[in-house]
Amino acid sequence: MLHRRFLRVKALQEIYAYHQSNSSDIALAERHLLQSVDELYKLFIYQLTFWVEVRQFAERRIEENKQKHFPTEEDLNPNMKFVNNRILRALDDNEHLEALRKQYKIDWTDSREDFIRNMFVKLTETTEYQEYMTNGKDSFGDDRAFLATVIENEMPENGLLFDYYSDRDLFFNSDYQIAIYLLWKYISELPGSFDAATPMPPVYYAEEEDKAFVKKLFEGTILHADEYMELVKAHISNWDYERLALMDIILIFMALTEFTQFHEIPVKVTINEYIEISKLYSTSESRRFVNGMLDRLSTVLKEEGKLVKTGLGLIDK
């Protein structure tokens, strides 16, 4: 579920928090890091159950409208496309998702007739929903495309949803946008065979290896900070080290950790990963600086014999 880029992001967040707190308890910070990874996954599950709740609300509203004293033709013969969305129905009936909901104590009961109603009304007002309901298509691909599009276009800037999650878990503040991307990616890649029996993805692709990776990256970046600082100062140009943003410094230090301690990761992969992450956490000027420094430092380390790559990570490949 959480591929390496997201583990790098979580490490970045926790290293930043570690420095901001002036703490020296690496073990405690590391436990907090692993907890934050679990919390990101929890928010992903929260997002899935949110869509289940919206679908259930829409279905209840249809049934209620049929019971009116003077129902309209639309009340009696409603458009069922949204409530019959194949993905939402499968999620609604998915036993694994229900087990995860209970595990994380996710309960929407108090929000169904207020918050969920507001969210459903906002959804029905979107162009994506209106086009989906009237396009005449009836396929798994159309159901998937609608959900992926509305997640991508409507959820990132939904202040009500962000506030709802933030009120429930402090971890969710920093993870909201990442969790939306995870949700979009998950929905976008669902195969046509997806059904209620399909298990939810695990937190890690390979739990033992991925935990070892993020812990080693976290520890290495903190423990070698002084060494990395001297290396950067020795090769910086046209920049004042003391005026660099802490986030940019951490990005460079994390890359240096991968350069020197992760012999199986190609240099180009490391550089590309931190350039992409810098797009989320740095200004355009800072991104250019990070990119330039990583190119320069990788060359310096190679010349000094400190950049040893093996197997698929050979530096010259």
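Within a straight-line Cα-Cα reach of under 21 Å, K302 can be paired with the following lysines, leaving aside sequence neighbours fewer than 8 residues apart in one chain: K233, K268, K317.
Calculate the FRET efficiency for E113 and Y205 from the Cβ-Cβ distance with a Förster distance of 41 Å, rounded to the nearest 0.05. Plugging the Cβ-Cβ distance into 1/(1 + (r/R0)^6) gives 0.55.
What percentage of all Cα-Cα pairs in the chain are separated by more than 24 Å? The proportion of pairs with Cα distances above 24 Å equals 60 percent.
Sequence-ordered 3J(HN,Hα) estimates for segment 15-30 from the Karplus curve with 6.51, -1.76 and 1.60 and θ = phi - 60° stand at 5, 4, 5, 4, 5, 5, 7, 6, 7, 10, 8, 5, 4, 5, 5, 5 Hz, glycine and proline given as x.
Tell me, in nm to one decimal, what length is gained between A197 and V308 on full extension, where the rule is 0.36 nm per residue of separation less the Cα-Cα distance?
Gain on stretching A197 to V308: 35.4 nm.
As a length-normalised measure over Cα pairs under 8 Å and 6 or more apart, the relative contact order of segment 183-293 settles at 24 percent.
Cross-link reach is defined here as a Cα-Cα straight distance under 17 Å, omitting same-chain residues fewer than 8 places apart; for K137 the aspartates and glutamates meeting it are E128. State the answer as a single residue: which of M229, F70, I250 lies farthest towards the positive end of the charge dipole of the chain, with beta carbon charges of +1 for Lys and Arg and -1 for Asp and Glu, about the Cα centre. The one lying farthest along the dipole's positive direction is M229.
Tell me the mean residue ellipticity at 222 nm calculated for the chain from its helices only (DSSP H runs of n ≥ 4, each -39500 (n - 2.57), averaged over every residue, nearest 500). It would help to have the intermediate numbers written out before the result.
Details: 15 runs with 217 residues, N = 317.
That calculation yields -22000 deg cm²/dmol at 222 nm.
Relative contact order of the chain: what whole-number percent is it, with Cα pairs under 8 angstrom and at least 6 residues apart? Could you put the intermediate results ahead of the total?
On the way: 270 pairs, mean separation 72.1, N = 317.
For the chain, the relative contact order is 23 percent.
Seen from S23, the other residues with C-beta closer than 15 Å to its C-beta sum to a net charge of -3, counting Lys and Arg as +1 and Asp and Glu as -1. Label positions at R31 and R288, each projected 7 Å from the Cα along the C-beta direction, are separated by 4.5 nm. Histogrammed with a bin width of 10 Å, the alpha carbon distances of segment 190-291 distribute as 13, 37, 27, 13, 7, 2 percent, first bin at zero.
Is segment 176-216 rounded, prolate or oblate when judged by the Cα gyration tensor, a ≥ b ≥ c being the square roots of its eigenvalues, rounded requiring a/c under 1.5 and prolate requiring a/b larger than b/c? Don't jump to the answer; show the numbers that get you there.
On the way: a/c = 3.25, a/b = 1.59, b/c = 2.05.
Cα axes put segment 176-216 in the oblate bin.
Within segment 145-190, the proportion of C-alpha pairs whose separation exceeds 18 Å stands at 29%.
Below 8 Å, C-alpha to C-alpha, sequence gap of six or more: please give me the relative contact order for segment 4-188 in percent.
On the way: 115 pairs, mean separation 51.1, N = 185.
Relative contact order, segment 4-188: 28 percent.
FYI, it's all coordinate maths here, none of it is from the lab. Since we're looking at a predicted model, the values are computed, not measured. All Cβ positions, glycine included, derive from the backbone under ideal geometry; neighbour counts span all protein chains shown.
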